[in-house]
Amino acid sequence: MDTNPAPTDTPTGTATDNTPTTDTPRWFSGCAIAVVVLTVLVIAGAWALAEFEKGLDGYGQLEQSGPSGYVADPLGPGATARYEDGLKVTVSPPRPESDGTYSLTVTYENDTDEELRLGGDSSDDGVSEYGPAPLVVRAGKSLDDHTSGYSLNWLNQRESAAALMPALGTDKKRTIPVRVKPTKRGVPVTVEVDPPAAGFRETAYFQLTLD
């Protein structure tokens, strides 16, 4: 009687090595995806927190690098005041004219998500040489309550008020012309920008010199 086991045929090309394959590539891919997802969640959370904080203070705060734009730390000529809600205001350097006057511009750029009424409800109250008003151009430094020895005359005040009054739509820009005449050269001038808002909005101060 033949007791030898019958040979088992192995199909040609079939592997006989039973060594388990490694799962390292699959594990690495899973970790990479988890890291990406976690990073996205962290970024989204930080953005949501920043937006929530802005919402609490009404988006009307100045958000500056360098001078803050506050009354004790005014911006200079050519600088831009940036608000958290996207409004930007730039005051140009004053340009001397041949007749002893000076010209400058105040440019508003509306990157907020709503229409803005920069001059308020009345052109009579939209601009002022003394304040308060949405746009003030006055003699003196930003911290001065009054000046002595010199003064300033805003020559085109009506024109400036008329340019300021129409509503400024989103993604729109408007430049307000200002022409002033000081009683002498070299006097300091302060420009105060306080655009009306439904909520809170800080006043931006610019300090210039009429050289």
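Counting only Cβ charges, +1 for Lys and Arg and -1 for Asp and Glu, the dipole size of segment 120-211 around its Cα centre is about 420 debye.
Could you do me a favour and compute the accessible area per residue for segment 53-156, 1.4 Å probe, result in Å²?
Details: 5260 Å² over 104 residues.
Accessible area per residue, segment 53-156: 51 Å².
Placing unit charges on each Cβ (+1 for Lys and Arg, -1 for Asp and Glu) gives segment 63-211 a dipole about its Cα centre, and among 152, 131, 81 the Cα reaching farthest toward its positive end belongs to 152.
Sum up the charges of everything whose Cβ sits under 10 Å from the Cβ of residue 107, counting Lys and Arg as +1 and Asp and Glu as -1, but leave residue 107 out. Value of the local net charge: +2. Ranking 206, 187, 175 by Cα position along the charge dipole of segment 159-211, where only Lys, Arg, Asp and Glu carry charges on their C-beta atoms, puts 187 farthest toward the positive end. Taking the DSSP bridge list for segment 76-211 and keeping only pairs wholly inside it, about 95 percent are antiparallel. Here segment 75-209 exposes an accessible surface that is 44 percent carbon and sulfur, computed with a 1.4 Å probe and the other protein chains kept in place. Per-residue 3J(HN,Hα) values for segment 206-211, derived from phi via the Karplus relation 6.51 cos²θ - 1.76 cosθ + 1.60 with θ = phi - 60°, read 10, 10, 10, 10, 8, 7 Hz in sequence order (x marks Gly and Pro).
The values are calculated or read from the model by the stated rules, or taken from the named source; none is laboratory data. Fair warning: this is a prediction, and the values are worked out from it, not measured in the lab. With ideal geometry, Cβ positions are generated from the backbone for all residues, glycine too; neighbour counts draw on all protein chains shown. Keep in mind that these areas ignore ligands, DNA and RNA; they rest on the heavy atoms of the full protein, side chains included. Shrake-Rupley method; radii C 1.70, N 1.55, O 1.52, S 1.80 Å.
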